[in-house]
Amino acid sequence: MDEYGIKRSMERARHHLAWAEIESQAAQGHLDPKAADEFERDLVRAVGNARTLVGDALETIRARLWE
């Protein structure tokens, strides 16, 4: 794949990741980290981890696009 194709793919991925960041933030707002239910606490951790990974992926793309 040529440089243009790589940048285009990264831009599309960045767009989807930005949307995932917004959606995961909204999901996290509906969860109670102090819930008595173990399942909900596990879900809170999983969504938090997902937000971290999405943020890392966005930073990686931003760094690559600015090279």
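Only the coordinates and a few stated rules stand behind these numbers; no lab work does. All figures in this text were calculated on a predicted structure; none of them were measured in a lab. All Cβ positions, even for glycine, are placed from backbone atoms using ideal geometry, and neighbour counts span all protein chains on display.
So what are the ³J(HN,Hα) numbers for the range 38-49, from phi and the Karplus equation (6.51, -1.76, 1.60; θ = phi - 60°), rounded to whole Hz, Gly and Pro as x?
Result, rounded to whole Hz: 4, 4, 5, 5, 4, 5, 4, 5, 5, 5, x, 5.
Restricting to DSSP H runs of at least four residues, report the calculated mean residue ellipticity at 222 nm for the chain, -39500 (n - 2.57) per run over all residues, nearest 500 deg cm²/dmol.
Taken over the chain, the calculation gives -29500 deg cm²/dmol.
If you filter the range 9-67 for chymotrypsin sites (Phe, Trp or Tyr not before Pro), then keep DSSP loop positions with at most 16 other Cβ within 10 Å, what is left?
Here the sparse-neighbourhood loop sites are TRP66.
Under a point-charge model restricted to the Cβ atoms of Lys and Arg (+1) and Asp and Glu (-1), what is the dipole moment magnitude of the chain relative to its Cα centre, in debye to the nearest 20?
Rounded to the nearest 20 debye, it is 220 debye.
Return the distance in nm (one decimal) between the two label points of a simple spin-label model at ARG12 and GLU67, each offset 7 Å from Cα along Cα→Cβ.
2.0
Between GLU3 and ALA46, 0.36 nm times their residue separation minus their Cα-Cα distance comes to what?
Full-extension gain reported as 12.0 nm.
Using the Karplus curve 6.51 cos²θ - 1.76 cosθ + 1.60 with θ = phi - 60°, work out ³J(HN,Hα) for each residue of the range 51-67 in order, rounded to whole Hz, and write x for Gly and Pro.
4, 5, 5, 5, x, 4, 5, 4, 5, 4, 5, 4, 4, 5, 5, 8, 5
Against the 2.2 N^0.38 Å scaling, with N counting residues, where does the chain land? I'd like the Cα-based Rg ratio to two decimal places.
Cα-based Rg divided by the globular estimate yields 1.42.
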